[in-house]
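Below is one structure, written out as structure tokens; comments come after it.
The values are calculated or read from the model by the stated rules, or taken from the named source; none is laboratory data. Predicted, not measured: the structure shown is a model, and the values here were computed from it. Here the Cβ positions follow ideal geometry from the backbone for every residue, glycine too, while neighbour counts run over all protein chains shown.
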Amino acid sequence: MSIDRRQFLLITAGVAAAGLAGKQTLSVFAENQARKSDGFAGKRWAMLIDLKKCHENEGCTKCIDACHLTHNVPHFGNKKDEIKWIWKEKFEHAFVEQENYFVPEQVKQKPVLLFCNHCSNPPCVSVCPTQATWKRKDGIVMMDWHRCVGCRYCMAACPYGSRSFNWREPRTHIKQLNPDFPTRTKGVVEKCTFCDERLARGLKPACVESCPVKAMVFGDLENPNSEIRKMLGETFTMRRKPELGTQPEIYYII
Amino acid sequence: MYDTGKVLIGILIFILVFTSPMLINLSGGKASVKANPVLPKSGKCIESKEYMKGYHMEMLDTWRNLVVRQDVRFLKKADGTFFMLNGVKAEMSLTKTCMSCHDNKAKFCDECHNYLEVKPYCWDCHIDPAIAKKGVKK
Ligand code: SF4
Ligand code: SF4
């Protein structure tokens, strides 16, 4: 049997329409499932870091260690290949726009604890061509490492340096493997996900739990009675680069 | 055609010789390589053997999308109740749920995957329990 041009066009159009219809049903299904899942129920996750408390414990890396152990974050031992979910940075680098000439020594000298800010208006999400990173309804800027193609658009878009790229095979550089969490592969971007896997089981993020001086408070901004909401109402806090309009969800007491 | 009889006998002998491997196999031969996945001694799988044989890869794909993209984490039975595993809700997880029983990747997963020459990339990231015990070498 041979088909002419007209028939061919009709058949392809039919297949395309069927495909579109299928996609429609799938996304409706996905939407319903998402609304039903506990993790998305009317929450807006955020974190408050009390740097004064953090500084009581000079040189402490407990939160970084806990996070990197939980999530199989590799350590290459050099800045170029570095993968970081939580890290420390000088005040003047963390809060670049705060360029007062005279700043208390204590603030100037002590490091600031940095994370992905889980921005309310995340530029990394807008640029990702594969939706490997997206904003969940509960505020978490999530990563799907199955989907990331390693284009690093998100790294260019993020104004906070929160994302790291796996230039090299990460698995061989993990001192102790946590079998409950995957590793990544070469060519994939990674960052903090607010411990989505722990939140799903009703646990707090690993860093928050590991801090000996309780310098981090994690909670739901939608709940007016949450500890974080109360603290934000009582103490003046700062966010990194607010002038960019990304609306970070990590708050600092300086 | 000249020598029809001889030609026909010749063709018959050719066919017999050509198909001899199949004929020998039919009369009681044995396959030299066979996939032989080792099943856990006790416990009951969440799905039937037949379903798993045919569709475990699609099931895992559905799981990954539900868990990662929609935060639907826990495994439900047909009646809507949760599957329990060692006293906690079972997660839709290859390593935490499937491999808590099928803990020997080499003797279970690899057995069929090697036989069929398929190379799933699950373990590029997800951790084979045997490796987790041993630790990775530099
Ligand atoms: S801090 Fe960077 S990676 Fe995190 S949500 Fe904001 S823009 Fe995206
Ligand atoms: S590197 Fe990955 S997460 Fe980042 S924009 Fe590209 S595909 Fe998206």
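Given B:P129, B:P37, which one is within 30 Å of A:T193 (Cα to Cα) and in contact with an Asp or Glu (Cβ under 7 Å, 6 or more places away or on another chain)? If you could, list the steps in order and put the result at the bottom.
Numbers: B:P37 fails: within 30 Å of A:T193 (Cα to Cα).
Of the residues listed, the single one that is within 30 Å of A:T193 (Cα to Cα) and in contact with an Asp or Glu (Cβ under 7 Å, 6 or more places away or on another chain) is B:P129.
Which of (1) closer than 19 Å to A:D180 by Cβ; (2) more than 9 Å from every other protein chain (Cβ to nearest Cβ) is the odd one out, the single condition B:I127 does not satisfy?
Condition (2) is where B:I127 drops out.
Of (1) assigned to a helix (DSSP H, G or I); (2) out of contact with any helix residue (DSSP H, G or I) (no Cβ under 7 Å at 6 or more places or on another chain); (3) crowded, with 20+ Cβ neighbours inside 10 Å; (4) not charged (D, E, K, R), A:C154 satisfies all except one. Which?
(2)
Could you list all residues from region B:1-47 that are of a type in the set (K, R) and closer than 30 Å to B:M84 by Cβ? Reasoning before the result, please.
Of all residues in region B:1-47, those of a type in the set (K, R) come to B:6, B:30, B:34, B:41, B:44.
Listed by number, the residues that qualify are B:K41, B:K44.
Exactly one condition in (1) in a helix (DSSP H, G or I); (2) under 15 Å from the mean Cα position of the chain (by Cα) is not met by A:I228; state its number.
Just one mismatch for A:I228, condition (2).
When region A:160-174 is examined, which residues are found to be surrounded by fewer than 16 Cβ atoms within 10 Å (Cβ to Cβ) and either away from ligand 2 (no atom under 13 Å from the Cβ) or not in a loop (DSSP other than H, G, I, E, B) (or both)?
Of the residues in region A:160-174, the ones surrounded by fewer than 16 Cβ atoms within 10 Å (Cβ to Cβ) are A:161, A:167-169, A:172.
Selection gives A:G161, A:R168, A:E169, A:T172.
Check region A:163-180 and report whether any residue there is within 16 Å of ligand 1 (Cβ to nearest atom) and of a type in the set (G, A, S). Walk me through how you get there before you give the answer.
First, the residues of region A:163-180 that are within 16 Å of ligand 1 (Cβ to nearest atom): A:163-166.
Next, from what is left, pick out any that are of a type in the set (G, A, S): A:164.
Yes.
Determine whether region B:54-62 contains at least one residue that is charged (D, E, K, R) and modelled with pLDDT under 95.
Residues of region B:54-62 charged (D, E, K, R): B:58, B:61.
After this cut, where a residue has to be modelled with pLDDT under 95 as well, the list is none.
Looking through region B:54-62, none of the residues is charged (D, E, K, R) and modelled with pLDDT under 95.
What pairs come up if the first residue lies in region A:195-211 and is under 17 Å from B:L75 (Cα atoms) and within 12 Å of chain B (Cβ to nearest Cβ), the second is among the small types (G, A, S) and surrounded by fewer than 20 Cβ atoms within 10 Å (Cβ to Cβ), and their beta carbons are under 6 Å apart, counting only those six or more places apart or on different chains?
Every condition considered, the pairs that remain are A:A200/A:G39.
Do any helices (runs of 4 or more DSSP H) lying entirely in region B:1-119 carry at least 1 residues that are within 14 Å of chain A (Cβ to nearest Cβ) and surrounded by 10 or more Cβ atoms within 10 Å (Cβ to Cβ), and which ones are they? Walk me through it before giving the result.
On the way: elements: B:4-18, B:20-26, B:49-64, B:109-116.
Hits in region B:1-119: B:49-64.
Would you please list the contacts, defined by Cβ atoms under 7 Å and residues six or more apart or on different chains, that run from a residue in region B:84-106 that is farther than 14 Å from A:F181 by Cβ and of a type in the set (S, T, Y) to a residue that is assigned to a strand (DSSP E or B) and at pLDDT 90 or above?
B:T97/B:L85; B:T97/B:E91; B:S100/B:L85
Go over the candidates A:N78, A:N117, A:N72, A:N100 one by one and state the one that is farther than 26 Å from A:L221 by Cα and crowded, with 20+ Cβ neighbours inside 10 Å. Reasoning before the result, please.
Working: A:N78 fails: crowded, with 20+ Cβ neighbours inside 10 Å; A:N117 fails: farther than 26 Å from A:L221 by Cα; A:N100 fails: crowded, with 20+ Cβ neighbours inside 10 Å.
One residue alone meets the criteria, A:N72.
Table: residues versus (1) modelled with pLDDT of 95 or more; (2) of a type in the set (S, T, Y); (3) closer than 29 Å to A:V213 by Cα.
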position: A:I64; (1), (2), (3): yes, no, yes
position: A:L69; (1), (2), (3): yes, no, yes
position: A:N72; (1), (2), (3): yes, no, yes
position: A:K79; (1), (2), (3): no, no, yes
position: A:Q98; (1), (2), (3): no, no, yes
position: A:V103; (1), (2), (3): no, no, yes
position: A:C119; (1), (2), (3): yes, no, yes
position: A:P122; (1), (2), (3): yes, no, no
position: A:C128; (1), (2), (3): yes, no, no
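In this structure, does A:A157 turn out to be within 15 Å of ligand 2 (Cβ to nearest atom), among the small types (G, A, S) and touching a Pro at 6+ places or on another chain (Cβ under 9 Å)?
Yes: the conditions hold for A:A157.
Please list, ordered by residue number, the strands (runs of 3 or more DSSP E) wholly in region A:63-143 having 1 or more residues that are within 16 Å of ligand 1 (Cβ to nearest atom), touching a residue at least 24 places away in the same chain (Cβ under 8 Å) and more than 14 Å from every other protein chain (Cβ to nearest Cβ). It would help to see each step written out before you state the result.
Working: elements: A:87-89, A:112-114, A:133-135, A:141-143.
Those strands (runs of 3 or more DSSP E) span A:87-89, A:112-114.
Looking at A:C148, is it away from every other protein chain (no Cβ under 12 Å) and either crowded, with 19+ Cβ neighbours inside 10 Å or of a type outside the set (F, W, Y) (or both)? Explain how you work it out, then say what you get.
Details: away from every other protein chain (no Cβ under 12 Å): no; either crowded, with 19+ Cβ neighbours inside 10 Å or of a type outside the set (F, W, Y) (or both): yes.
For A:C148, the condition - away from every other protein chain (no Cβ under 12 Å) and either crowded, with 19+ Cβ neighbours inside 10 Å or of a type outside the set (F, W, Y) (or both) - is not met.
Which pairs have Cβ atoms under 7 Å, sit 6 or more apart or on different chains, and link a residue in region A:153-182 that is over 20 Å from A:W87 (Cα atoms) and in the same structural domain as A:E243 (by TED's automatic domain parsing) to one that is within 16 Å of ligand 1 (Cβ to nearest atom) and not in a loop (DSSP other than H, G, I, E, B)?
A:Y153/A:V127
Specify the residue that is nearest to the chain's Cα centre (by Cα); the eligible residues are those in region A:175-210 that are farther than 30 Å from A:K53 by Cβ and crowded, with 18+ Cβ neighbours inside 10 Å.
A:V189
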